[in-house]
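Remarks on the structure that follows.
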Amino acid sequence: MKIAIMQPYIFPYIGYFQMINAVDKFVFYDDVNFIKQGWINRNKIMVSGTDHLFTVPLSKANSFTPIKDTLINEKLYENWKIKFLQTISQSYKNAPYFNVIYKLVADIMNNNCSSISDLAISSIKAISHYLNLKTDFIISSQSYQNKNLERQERLFDICIQEKSMHYINAFGGQELYKKQDFIKRGIKLDFIKTLPLEYKQFKNRFIPNLSFIDVLMFNNADEINLLLTQYEFIN
C-alpha cells in the first residue's frame with residue numbers, strides 16, 4: 001500500500017495530482033509550518049500567452065505558524081477573489097472546458113474557508129472528485145499525535161500508523177531523505193518524477209508547470225487521467 005505526505009497547496013501543478021493518483025492514501029501535512037514564498041497560497045495561470053502568478057492574501061503569514069493556523073485575510077479576500085475569477089474568465093473563456101471548470105473553481109473559492117489549509121485542501125479534493133480519483137485523503141492534524149517527533153521520524157510514524165511500507169515523495173525530496181534510512185525501518189522510499197508532457201493551450205507555445213486549473217481548462221477528465229500516468233519512480 002503506497003502513501004504520500006505533502007503540504008496542501010492551492011490549485012497545485014500536475015505533478016501534485018500525479019502523486020495523488022500514484023498512491024492509495026494521501027496525507028495533507030497541515031500541521032507543519034507555513035512556507036513563505038512557497039506554493040501553499042500561490043501558483044501560476046496563463047494570461048495572454050504567458051505565466052501569471054496569483055497569490056491568495058493571508059493574514060500575518062509567517063514561517064513559525066502551522067499551515068492549518070495560517071488564516072486568509074478576510075478583508076482582502078473578497079475583492080481579490082472577484083478579480084481572480086475575472087482573470088480566469090478573461091484568460092480562459094475560449095478554452096474547451098471553460099464553463100464546467102470555471103464553475104468548479106468559483107465554487108471552491110466561495111467555500112468560506114478561514115485558513116489557507118482548508119481552502120487548498122478543498123481545491124484538491126474537489127478536483128480529485130471531478131476526476132474520480134480513488135485515493136483516500138487524510139489530514140495529519142486530525143489523525144496523528146506525533147508533532148513531538150523530528151521531521152523524518154514523523155514520516156516513519158505516519159507510515160507505520162497507516163500500515164504502509166511504501167512511501168512516495170516528491171522528486172525534490174531527494175535532497176532531504178535517504179533511502180537507507182527508510183529501509184532500516186522496513187519502508188520502501190521512491191521519488192516520483194513527472195515525465196515531459198504537453199497539451200494544447202490555444203495556439204500558444206506550451207507553458208509547463210502551471211496550476212492544474214490550466215490542465216482542466218484544456219483537457220477532459222479522460223485525457224487528464226492519462227496525463228496523470230505520465231510519471232516514473234526514481235528508486
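Does at least one position in region 139-151 carry a residue that is among the acidic types (D, E) and modelled with pLDDT under 95? Lay out the reasoning, then the answer.
Within region 139-151, the first condition is being among the acidic types (D, E), and the residues that meet it are 150.
Next cut, modelled with pLDDT under 95 only: 150.
For region 139-151, residues among the acidic types (D, E) and modelled with pLDDT under 95: present.
Limited to region 140-191, what total is found for residues that are among the aliphatic types (A, V, I, L, M), free of Cβ contacts under 8 Å to residues at least 60 places away in the same chain and assigned to a loop (DSSP other than H, G, I, E, B)?
Step one: filter region 140-191 for residues among the aliphatic types (A, V, I, L, M), giving 149, 155, 158, 160, 165, 168, 170, 176, 183, 187, 189.
Subsequent filtering for residues that are free of Cβ contacts under 8 Å to residues at least 60 places away in the same chain retains 149, 160, 176, 183, 187, 189.
Retained after the next criterion (residues that are assigned to a loop (DSSP other than H, G, I, E, B)): 149, 176, 187.
Final tally of qualifying residues: 3.
Can you tell me which residue among S140, S122, S117 is within 20 Å of F34 (Cβ to Cβ) and open to solvent by 10 Å² or more (accessible area, probe 1.4 Å)?
Of the residues listed, the single one that is within 20 Å of F34 (Cβ to Cβ) and open to solvent by 10 Å² or more (accessible area, probe 1.4 Å) is S122.
Residues being surrounded by fewer than 17 Cβ atoms within 10 Å (Cβ to Cβ) and in contact with a strand residue (DSSP E or B) (Cβ under 8 Å, 6 or more places away or on another chain): count how many of those fall in region 189-229.
5
Is there any pair linking a residue in region 87-113 that is at positive phi to one that is of a type in the set (V, I, T) and modelled with pLDDT of 95 or more, with Cβ under 7 Å and at least six apart or on different chains, and which?
Sorted first by the residue in region 87-113, then by its partner, the list stays empty.
Mind checking which residues of region 14-50 are within 11 Å of the chain's Cα centre (by Cα), polar (S, T, N, Q) and assigned to a loop (DSSP other than H, G, I, E, B)?
Within region 14-50, just N41 meets the criteria.
Taking the condition of being closer than 24 Å to Y29 by Cα, open to solvent by less than 30 Å² (accessible area, probe 1.4 Å) and of a type in the set (D, E, K, R), how many residues in region 42-93 meet it?
So the count comes out to 0.
So the check is Cβ under 6 Å with 6+ separation or different chains; which pairs have a first residue in region 20-39 that's closer than 16 Å to V56 by Cβ and a second one that's acidic (D, E)?
Sorted first by the residue in region 20-39, then by its partner, the list stays empty.
The values are calculated or read from the model by the stated rules, or taken from the named source; none is laboratory data. These numbers were taken from a predicted model, which means no experiment stands behind them. All Cβ positions, glycine included, derive from the backbone under ideal geometry; neighbour counts span all protein chains shown. Keep in mind that these areas ignore ligands, DNA and RNA; they rest on the heavy atoms of the full protein, side chains included. Shrake-Rupley method; radii C 1.70, N 1.55, O 1.52, S 1.80 Å.
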